[in-house]
Amino acid sequence: LLSNGIFQVNTCGFPPLEDREASLSLLMGLDFFGGGVIPTEETLRLSSLEKKAVNDMFVILSDVWLDNPEDVPMCYLVEKTMEKLAVVLDGYDSVEVVPSLFVLMGNFCSRPCNLAFSSFEELRLQFGKLGEMIAARSRLKEHSRFLFVPGPDDAGPSKALPRCALPKYLIEELQKHIPNAIFVSNPCRFDMKSTLKIPTPTRIKILDLLYRMRRSCLIPPTSEETSDPFEHLVATITHQSHLCPLPLTVQPIIWNYDHCLRLYPTPHVIVLGDKSEQKAFKYTGITCFNPGSFANDGTFAAYRPCTKEVELSALEG
């Protein structure tokens, strides 16, 4: 504090990041997914299963548009999206070991589902067609799980985070074809040991976060270590241990559920479904990636929990 009353800052940085293993050692086996205390023997057994599951794969797609917009150029994009999705499903249906999990993230509509939106019945039918498309691939229907995460402009009660799962009205037709489909909130987290016996804590979020973070910057990030905006974003959310460290005026948060956005202990994987360029980055042991916008450029990603490797993929054309 200077004599004239000005508070001068010489250095401003992030709070230190606590390593995941250090956090777990202090928690003494406490399961943050509500499973109580997990014995050390069980943790070791699950870790062993993870290393043996060399064929397990998660396929993640963001911006899977299903609607039929009136705008001609947008209608072309939506039609191409469904065609591209069929190509992806056909490709994985023909491999020797099908993916364990498909994660389909919104937005599921090319237009915001706000008060001016009047095509909910049509969108409901399009979800039904998606269910038919998946059910037509018998190996995927039998051996893969499908998880749906709503986007920021999908149908819901508000723009505040966390966003609840897609309304039951929209997904009923799809569930007739895929009864075991999973519909979750945004953000969501899952630990595959509950279904696949693999201890892979994962966080999934979709909010066009990079754009909002850059707009809210008071001081431009330093380029000494990297000039990549995505890498700056990953460093920010991991050090802040929060998926959305923005002012409430920029992004409202339902305060009673703010804990759903926290990143403690740090997960193995963070998936940021952003409209920005497809990107993957490993930071302090955390794998973070953006699968890209499937509707706009046909990009998606595949993640292998055994090796914690990300395969960034794209369809031609």
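Since every read-out is calculated from the coordinates, none of them should be taken as a lab result. These figures come from a predicted structure and were not determined experimentally. Glycine gets a Cβ as well: all are built from the backbone with ideal geometry, and neighbour counts include every protein chain shown.
How large, in Å, is the stretch 234-309 by the Kirkwood hydrodynamic radius built from its alpha-carbon pairs? One decimal place: 13.8 Å for the Kirkwood radius. Using the alpha-carbon positions of the stretch 1-64, Rg (one decimal) and Dmax (whole number) come out as 21.9, 65 Å.
Sites counted here are chymotrypsin sites (Phe, Trp or Tyr not before Pro) in a DSSP loop (not H, G, I, E or B) having no more than 14 other Cβ atoms within 10 Å; the longest part of the chain that contains none of them is 118-317. With neighbour counts taken as other beta-carbon atoms within 10 Å, the residues 260, 288 rank, fewest first, as 260, 288. The order of 242, 143, going from fewest to most other C-beta atoms within 10 Å of their C-beta, is 143, 242.
Which entries in 129/176; 141/176; 129/279 show an alpha-carbon gap greater than 20 Å? Provide the component values of the computation, followed by the final result.
Values: 129/176 11 Å; 141/176 12 Å; 129/279 30 Å.
Going by Cα-Cα distance, 129/279 fall outside the 20 Å limit.
Looking at the chain, which longest stretch skips every one of the trypsin sites (Lys or Arg not before Pro) that is in a DSSP loop with at most 14 other Cβ atoms within 10 Å, leaving the sites themselves out? Here the longest segment lacking exposed loop sites spans 1-158.
Quote the Stokes-Einstein diffusion coefficient, in whole µm² s⁻¹, for the stretch 54-314, based on the Kirkwood radius over alpha carbon pairs, a temperature of 37 °C and a viscosity of 0.692 mPa s. Show your work: numbers first, answer last.
Values: Rh = 18.8 Å.
It diffuses with D of about 174 µm²/s by this estimate.
Count charges around residue 231 for me, please; just the other residues with Cβ under 11 Å from its Cβ, Lys/Arg as +1, Asp/Glu as -1. So the environment of residue 231 carries a net charge of 0. Would you work out the relative contact order for the stretch 54-314, in percent, from Cα pairs under 8 angstrom that are 6 or more residues apart? Worked out over the stretch 54-314, it gives 22 percent. Counting neighbouring Cβ atoms within 10 Å and putting the fewest first, the residues 63, 153 line up as 153, 63.
The 3J(HN,Hα) values that the Karplus relation (6.51, -1.76, 1.60; θ = phi - 60°) gives for the stretch 174-187 are, in residue order, 5, 5, 5, 8, 10, x, 9, 4, 10, 10, 10, 7, 10, x Hz. Gly and Pro appear as x.
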